[in-house]
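The values are calculated or read from the model by the stated rules, or taken from the named source; none is laboratory data. Source: prediction; values computed, not measured. As a convention, Cβ positions derive from the backbone with ideal geometry for all residues, glycine included, and neighbour counts pool all protein chains shown. What goes into the accessible areas is simple: the full protein's heavy atoms, side chains included, and nothing from ligands, DNA or RNA. Shrake-Rupley method; radii C 1.70, N 1.55, O 1.52, S 1.80 Å.
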Amino acid sequence: QVQLVESGGGLVQAGGSLRLSCVVSGRTFSSYAMGWFRQAPGKEREFVVTITWSGGTTAYKESVKGRFTISRDNVKNTVYLQMNSLKPEDTAVYYCASGARFSSDRNTYTFWGQGTQVTVSS
């Protein structure tokens with residue numbers, strides 16, 4: 001059974017940092033692209049960032065470029081999201097996802113974690 005478990009969310013002041021982690025079990029982690037998405041109250045789940053299976057290529061939502069960094073460790077079966085210079089508009093539940101394609105389209109991702117709450121206060 002495939003499982004994705006996120007951690008690292010919390011409450012932080014604007015300008016602060018958080019590091020999210022997502023541990024994957026039950027599938028060959030290194031064979032799949034990984035993505036982070038987020039969903040704010042009353043809004044649709046949106047793409048944040050994605051990374052290829054090798055970690056060699058990434059793609060970011062425009063509003064997080066230069067502030068967020070995705071990385072992966074294929075030995076630890078873990079993908080990370082380092083979030084710096086956080087803004088109140090980054091407040092959302094953050095989800096990691098695993099998929100066969102490097103894509104910003106959430107419909108291409110097969111497996112999802114339960115999500116971790118990130119709250120940025122002003």
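What the table below lists for this structure:
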read-out: Qualifying residues in region 81-121 (those that are touching a Lys or Arg at 6+ places or on another chain (Cβ under 6 Å) and either closer than 10 Å to Ala33 by Cβ or among the aromatic types (Phe, Trp, Tyr) (or both)) - the one surrounded by the fewest Cβ atoms within 10 Å (Cβ to Cβ); value: Thr108
read-out: Residues (at pLDDT below 95 and exposed (fewer than 15 other Cβ atoms within 10 Å of the Cβ)) located in region 55-72; value: Gly56
read-out: Which numbered condition Glu44 fails, given (1) open to solvent by 60 Å² or more (accessible area, probe 1.4 Å); (2) more than 14 Å from Phe102 (Cβ to Cβ); (3) touching a residue at least 40 places away in the same chain (Cβ under 8 Å); value: (3)
read-out: Answer from Gln82, Gln114 - the residue that is over 15 Å from Val48 (Cβ atoms) and modelled with pLDDT of 95 or more; value: Gln114
read-out: Condition met for Val75 (out of contact with any Cys (no Cβ under 9 Å at 6 or more places or on another chain) and modelled with pLDDT of 95 or more); value: no
read-out: Qualifying residue in region 17-30 (condition: open to solvent by 30 Å² or more (accessible area, probe 1.4 Å), at pLDDT 95 or above and either in a helix (DSSP H, G or I) or of a type in the set (Gly, Ala, Ser) (or both)); value: yes
read-out: Every pair of residues 6+ apart whose Cβ atoms lie under 9 Å, when the first sits in region 1-12 and is closer than 14 Å to Thr119 by Cα and modelled with pLDDT under 95 while the second is assigned to a strand (DSSP E or B) and hydrophobic (A, V, I, L, M, F, W, C); value: none
read-out: Members of region 31-79 that are assigned to a strand (DSSP E or B), under 24 Å from Thr119 (Cβ atoms) and polar (S, T, N, Q); value: Gln39, Thr50, Thr69, Ser71, Thr78
